[in-house]
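Below: one structure, written as structure tokens.
The values are calculated or read from the model by the stated rules, or taken from the named source; none is laboratory data. Please read all numbers here as calculations on a predicted model, not as lab measurements. Here Cβ is always computed from backbone atoms with ideal geometry, including for glycine, and neighbour counts include all displayed protein chains. Note: areas computed on protein heavy atoms with side chains; ligands, DNA, RNA excluded. Shrake-Rupley method; radii C 1.70, N 1.55, O 1.52, S 1.80 Å.
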Amino acid sequence: MGLELYLDLLSQPCRAVYIFAKKNRIPFELRTVELLKGQHRSDAFAQVNPLRKVPALKDGEFTLAESVAILLYLSRKYKAPDHWYPEDLQARARVDEYLAWQHTALRSSCTRVMWQKMMFPMFLGERVPPETLASTLAELDSCLQLLEDKFLKDQDFLTGSHISMADLVAITELMHPVSAGCQVFKSRPKLAAWYKRVEAAVGEDLFQEAHAVVMKAKDLPPADTAMKEMLKPLVQVLLR
């Protein structure tokens with residue numbers, strides 16, 4: 001058995017892995033794991049990833065969890081072009097710096113905005129206190145400012161003149177609040193121009209393909225009682 005990628009394109013890190021593999025013509029078998037159906041909790045999936053999270057990778061007998069580790073594995077094994085994760089020490093350190101920062105910054109705020117603004121009220125029928133959403137949106141705005149000031153600056157891409165893993169991970173995060181109707185780029189021309197460059201570098205067709213699921217999330221039918229019960233722990237975390 002060749003390379004297998006266990007993904008749900010509703011998930012932002014899964015989209016980053018999917019785009020990277022497709023863009024670099026890495027042959028793989030897509031194994032869809034539907035998070036909203038709880039498929040990641042199954043005993044069968046736990047054999048691939050005991051953490052019960054996506055993305056996950058299986059390459060023969062070798063398995064791997066965590067999106068950044070998977071991206072680096074694919075880059076090294078398939079010798080992806082250097083700009084994705086440069087050999088140059090300081091250029092690579094810039095990519096590492098962004099990947100280390102984003103977990104508790106942009107990812108956190110983007111995830112909570114999507115769920116608080118769209119998924120809780122429309123999918124779960126859960127009321128979100130206006131002050132909670134306002135606080136989360138303010139946190140996202142602060143992260144966007146840091147993204148511009150600390151990472152993008154006056155460069156074409158987050159870590160220099162070429163697209164890297166940092167850009168891929170960042171843009172897939174930002175499409176979460178976009179899917180919920182947030183005008184993330186409207187008042188930020190620098191970020192808007194960066195978005196267009198990233199989309200062009202990836203390829204518009206691939207970009208749209210990878211984001212089709214999340215962009216249609218607003219049309220999901222309301223969750224049933226069993227799904228609401230399954231997602232209760234998530235509600236408690238994302239409403240903080």
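Odds and ends about this structure:
- Gaussian network model of the chain, Cα within-10 Å springs - most flexible of SER187, SER179, SER11: SER187
- The range 71-201, relative contact order in percent, only Cα pairs under 8 angstrom and at least six apart counted: 29
- Working from Cα pairs under 8 Å separated by at least six residues, relative contact order for the chain is 24 percent.
- Carbon-plus-sulfur accessible fraction, the range 1-53 (probe radius 1.4 Å, protein heavy atoms only): 48%.
- Basic side chains Lys and Arg get +1 at the Cβ, acidic Asp and Glu get -1 at the Cβ, and with that the dipole of the range 3-156 about its Cα centre reaches some 420 debye.
- Summarising the strand pairing of the chain, around 70 percent of its internal DSSP beta bridges are antiparallel.
- Phi-derived couplings, Karplus 6.51 cos²θ - 1.76 cosθ + 1.60 at θ = phi - 60°, listed residue by residue for the range 133-139: 5, 4, 5, 5, 5, 5, 5 Hz, with x used for Gly and Pro.
- Environment charge at ARG197 (Cβ cut-off 9 Å; Lys +1, Arg +1, Asp -1, Glu -1): -2
- List MET175, MET122, MET227, ordered by accessible area with a 1.4 Å probe, largest first: MET122, MET227, MET175
- Prolate/oblate/rounded label for the chain (Cα gyration tensor, a/c 1.5): oblate
- For SER75, neighbours were defined as the other residues whose beta-carbon sits under 12 Å from its Cβ, and their charges (Lys and Arg +1, Asp and Glu -1) total +3.
- With 0.36 nm allotted per residue and the present C-alpha distance subtracted, the GLU87-LYS228 stretch has 46.1 nm of extension available.
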